[in-house]
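See below for the structure under consideration.
The values are calculated or read from the model by the stated rules, or taken from the named source; none is laboratory data. All values derive from a computational prediction rather than experimental measurement. Glycine gets a Cβ as well: all are built from the backbone with ideal geometry, and neighbour counts include every protein chain shown.
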Amino acid sequence: MSTDWVQRLRGAIEAAAGSQTVADADTAWRQVADSGTVRTTLVGPWSAGKSSLIKRLLVEDGSPIPQWLTVSASRETYEIREAGSAGFTYVDTPGLGSDERRHDLLALSSVAATDLLVVTVTPQLLGTDVDRLTALVDGTAITPYGGAFFPPGALIVVIAKADMAGVDPIDDLDGFRAMVDRKRSAVVTALQRRVRGELPPIIAVVADLGGQHARNPNPSAAAFAEGREWDGVQALRAALAAGDGRRLRAAAQVRHWARTGALALEQATAAVSQSQDQLRRMEADRSRVLVLEEELAAVDASAASRLRDEIRDEMHSVIMQGGVDTTAQLAEKISERLDSSVAAWHAESTSKLVALARRAQIELTPVAAGALAASPHVEQFVKHAAFPGQRGADAQLTDFVAKGLLLADKLQELRLGVKGADVPHHLNEYQALVDRIHPDAYARTLSLLGIDGVLTDPRYAQELAGLQKHEGVSDLITYLRKPGGITSPAHAEKLKNTAHALRIAADVAPVLLELVHMQQQERASQHLRDKRAQLQLQADGAAKRLADQILSGGAQNSGWRGQVAELRTALQAGAPSEDDLAAAAQRGRDLTAARDSLDSVLRQMAAVTSLED
Ligand SMILES: Nc1nc2c(ncn2[C@@H]2O[C@H](COP(=O)(O)OP(=O)(O)OP(=O)(O)O)[C@@H](O)[C@H]2O)c(=O)[nH]1
Ligand SMILES: [Mg+2]
């Protein structure tokens, strides 16, 4: 049943290409369905005489000829135009086989949604004419698998300009008729070689003998009286009128939906292969990220063990040098040496993280938004197949690299500018000032004071003055301006971190001092050696604690571990999760299933002998 086919096609198209495609096809169909006339479309090569034929049919019907309906020896019709006449709507199309592909497509899109299709061929019967006719008769012009899309009567072949076949009907009518028969047989033979079943009627027509009325915008019917017996126009009109309107309309509807289905199939096939590509990229990204994560873990582990060794070595070398008498002196000395060596370690390790982040940027495929070129509906489908968790890993990695580079730089030139022993005092003073300021005002002060040179730059004077109206801000700024102390909130933050280190160093200082003293003894006894080894163990334990402290970076998690975690997050954002992958694979399967079921409807259409009720 034709309505069954339409329903099946609609459902399959909706599943494969989305509801918008169905809505668009509905709108297009309604334009045909809403008119009460028999839609009759003429297609054929350019200059075949299509416009002249429509003009002639209008003259025969006694209908007015629209102004656009012009005829000439060169290519003339560039768009699809309609002319109504005596229950018919004649649709004129641009000539096929022109070098401008757009015209071909325009004309082809109209061959489906029409009640009657008149295919004009020239008496020369070119190879392309035969190909096109074959494709229409076997239905492969409508869908890739073909089918009986034109029931008997819906397709009419016209050998146009038959007077150009070689014999002039005025000079030799019998010769002309014989020639026309040969031409018709040639078309039949050519078609029979290619298609099985009933062939469409083939009518030779002379719409305008010698093209003599081409320039007359309004010729009278009488002007064509001379050829009435042999020009084939009446035979054509009879063939046009013979069709059962309802049957033709039902077949046109099936054809329209089959054509829509064929286009949707093309798009869905493209979408399936896009989604397969996408899935492959996602899988590749996922395994790349797993490798990068392993490398990150290795960088992390080696940085941590290097830091522990470094701290232990620094402690050892302070002990070896000797020359210190008090625990305070020793703590100070160790903390000074650690400041610079830890900064160097941090800078070096950070640059390893940056290098890893850069590699990830290169290796992980950024999702190219514009790469999905198919129709907007298909694009929507494929977009859903893309993993939804993508939050711009590339942006995160870029961010990480920029921050990491800055951090590495800053650490390289880290200078505390405050004596280690004075740090607690300075911090207390600073904290007391901060405590007086309202948290909101402090947050703003903090971000402003974070800008380099803000206290001396006149551009910030007004904003600073504004902030100074708040309780305590003015005192804080005055304090920060004083040389020799804390110079900025960032500076205070750094000092807080070193204060931890200092505390541990102060902790272990008595042990170390004793080690120093033992070092100074000229001959160590066995007892002393044992004691020394024991103390050494304690010192190593302190070195490890200190390293862990630096690695974890205090309460804000701003240290090494924080950096590693940040990079890991950025890497993971670059990789689809197992869930994303599974969802994309499922969507790919859904899309493939939808495409396959549309494909199968179109194949079934090709397999039946009639698509009619
Ligand atoms: N001898 C002869 N010439 C014809 C006949 N019909 C049309 N022509 C001429 O053929 C040329 C092309 O005619 P058109 O009607 O413009 O052909 P068309 O197929 O509409 O061409 P395009 O719009 O360019 O695709 C014109 O010079 C016409 O005068 C005919 O029956 N016999
Ligand atoms: Mg034309």
Complete set of residues in segment 241-292 that are surrounded by fewer than 17 Cβ atoms within 10 Å (Cβ to Cβ), assigned to a helix (DSSP H, G or I) and among the acidic types (Asp, Glu): GLU266, ASP277, GLU283
Residues located in segment 19-75, provided they are of a type in the set (D, E, K, R) and either within 16 Å of ligand 1 (Cβ to nearest atom) or part of a loop (DSSP other than H, G, I, E, B) (or both): ASP34, LYS50, LYS55, ARG56, GLU60, ARG75
Answer residue from segment 167-220, given it is part of a loop (DSSP other than H, G, I, E, B) and closer than 30 Å to GLY147 by Cβ and is farthest from the chain's Cα centre (by Cα) among those: VAL205
From the options ALA15, ALA33, ALA28, ALA48, residue that is touching a Gly at 6+ places or on another chain (Cβ under 9 Å) and either away from ligand 2 (no atom under 16 Å from the Cβ) or not β-branched (Val, Ile, Thr) (or both): ALA48
Failed item in (1) away from ligand 2 (no atom under 16 Å from the Cβ); (2) hydrophobic (A, V, I, L, M, F, W, C); (3) modelled with pLDDT under 90, with PHE88 passing the rest: (3)
Which listed residue is within 16 Å of ligand 1 (Cβ to nearest atom) and touching a Ser or Thr at 6+ places or on another chain (Cβ under 9 Å), from ALA214, ALA204, ALA162: ALA214
